[in-house]
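Data first, discussion second: the structure below is written as structure tokens.
The values are calculated or read from the model by the stated rules, or taken from the named source; none is laboratory data. Given the structure is predicted, the values throughout are model-derived calculations rather than measurements. Heads up, the Cβs are rebuilt from the backbone with ideal geometry, glycines too, and the neighbour counts pull from every protein chain shown. Accessible surface is based on the protein model in full, side chains and every heavy atom, while ligands, DNA and RNA are left aside. Shrake-Rupley method; radii C 1.70, N 1.55, O 1.52, S 1.80 Å.
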Amino acid sequence: DSSELPAVTPYDEYCTDVINIVRYFSEEGSPHFYEKIYLAGHSMGGYLLPGIVGVLDDEGLSADGLIFLSAPAESFDTVLLWQAENMYEHYRGTDEEQTYKTQLDAYKVAVGIVRSIENYREQKDFMILGAGVPYWLWLKDYNPLSAISGIELPMLFLYAQNDTNVSPAQMDIWKDVL
């Protein structure tokens, strides 16, 4: 029964794990203690890194540096649409063009719903691209570019030139903010 699905958010999915991991490796005197802890996040994980630093701070924990691996800077719905458009362009003129055109059309509808997610606030069991309304509401309120301001840690940003999931142009957005 989908009405019994938990209201999972990116906080639940990522932040609580990172808090527990950093806490575990920060226990001085224990055999698993590390003096320096660097956090790495790929794609969504990198997108959430600035917020995770704030959550760690709230818990009295910290990291010594951040590694962003193909981390989007723009809203995640924008990135998902770019991915679908990119895949369609890649397969245009091939036997698989129609498959990717259908996928692109479906993503356009889904992203339209995500961009109007406030209209679905009461429909907790409604799923969009495999995630529930609480997930998308949380993402709508999260801004990594705001969250990163004021973070004074070493940061490394890595992108692949021909990445089909996150455009290397996302790095320029991060650079403009930093």
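Taken together, Asp176, Asp172, Asp105, Asp125 contain a single residue that is touching a strand residue (DSSP E or B) at 6+ places or on another chain (Cβ under 9 Å), farther than 17 Å from Pro10 by Cβ and loosely packed, with under 15 Cβ neighbours inside 10 Å, which is Asp125. Figure legend. Inter-residue proximity from region 77-93: first residues farther than 12 Å from Val111 by Cα, second residues assigned to a helix (DSSP H, G or I) and open to solvent by 50 Å² or more (accessible area, probe 1.4 Å), beta-carbon distance below 6 Å, spacing 6+ or different chains. Indicated pairs: Tyr88/Lys101; Tyr91/Glu97.
Taking region 157-169, which residues are among the hydrophobic types (A, V, I, L, M, F, W, C) and either surrounded by 13 or more Cβ atoms within 10 Å (Cβ to Cβ) or at pLDDT 95 or above (or both)?
Phe157, Leu158, Val166
Counting only residues that are outside any helix (DSSP H, G or I), more than 23 Å from Ile37 (Cα to Cα) and not aromatic (Phe, Trp, Tyr), region 123-178 holds 19 of them. Using beta carbons and a limit of 9 Å, which pairs, at least six apart or on different chains, have the first residue in region 6-19 and open to solvent by 30 Å² or more (accessible area, probe 1.4 Å) and of a type in the set (Phe, Trp, Tyr) and the second one modelled with pLDDT of 90 or more and not in a helix (DSSP H, G or I)? Pairs found: Tyr11/Tyr142; Tyr14/Gly41. Screening Pro154 with (1) loosely packed, with under 14 Cβ neighbours inside 10 Å; (2) closer than 20 Å to Ser75 by Cα; (3) in contact (Cβ under 8 Å) with a residue 40 or more places away in the chain gives one miss only, at (2).
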